[in-house]
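Data block below; observations after.
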Amino acid sequence: MTSPELQSDVRRYLLGSVPSVPYLEAVLLLRADPGVAWDAAGLARRLYVPERRGIELLGQLRESGIAVAASQAGAVHYGPEPQLAALVDQVAEAYASDLVGVSSLIHSRIDRRAQQFADAFRFRKD
């Protein structure tokens, strides 16, 4: 389970705004070198995911306010508002100190949503 030291705002961000571990790793990759412009192919190669997933991740990063368009067509770079950047700094610290706990928290959210979806199709006697 998640480390008890995980701050409530970090926990809230992970549960409410991070759809997957690859998304979080993309956020952290952009954060690590904010001057680099990332396109889908480069992001996908670096994260060991298919290029199609890289395209999806770029869209998610833009929509969430983590990334902004770079001068290179189709590329982005790190560019969150200061308050979000400060929260991402805390998330990065939590991930570095408790990778398993943070990953488990993200997966628990995904597992819960999958179970809720499956439950919607369960036949019930009334």
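The values are calculated or read from the model by the stated rules, or taken from the named source; none is laboratory data. If you're wondering where the values come from, they're calculated on a predicted model, not measured in any experiment. Positions of Cβ are backbone-derived with ideal geometry, glycine not excepted, and every protein chain shown enters the neighbour counts.
ARG11: in a helix (DSSP H, G or I), surrounded by 13 or more Cβ atoms within 10 Å (Cβ to Cβ), of a type outside the set (Asp, Glu) and modelled with pLDDT of 95 or more, yes or no? Here the answer is no, as ARG11 does not meet what is asked.
Of everything in the range 86-108 that's hydrophobic (A, V, I, L, M, F, W, C) and in contact (Cβ under 8 Å) with a residue 40 or more places away in the chain, which residue is farthest from TRP38 (Cα to Cα)? Out of the qualifying residues, it is LEU105. The listed residues are ALA94, ALA86, and the only one of them that is surrounded by 10 or more Cβ atoms within 10 Å (Cβ to Cβ), modelled with pLDDT of 95 or more and part of a helix (DSSP H, G or I) turns out to be ALA86. Residues in the range 73-95 that are touching an Asp or Glu at 6+ places or on another chain (Cβ under 7 Å) and over 27 Å from SER8 (Cβ atoms): GLY74, ALA75. Considered as a group, the residues in the range 25-41 that are in contact with a helix residue (DSSP H, G or I) (Cβ under 8 Å, 6 or more places away or on another chain) and over 22 Å from SER103 (Cα atoms) include one that is surrounded by the most Cβ atoms within 10 Å (Cβ to Cβ), and that residue is TRP38.
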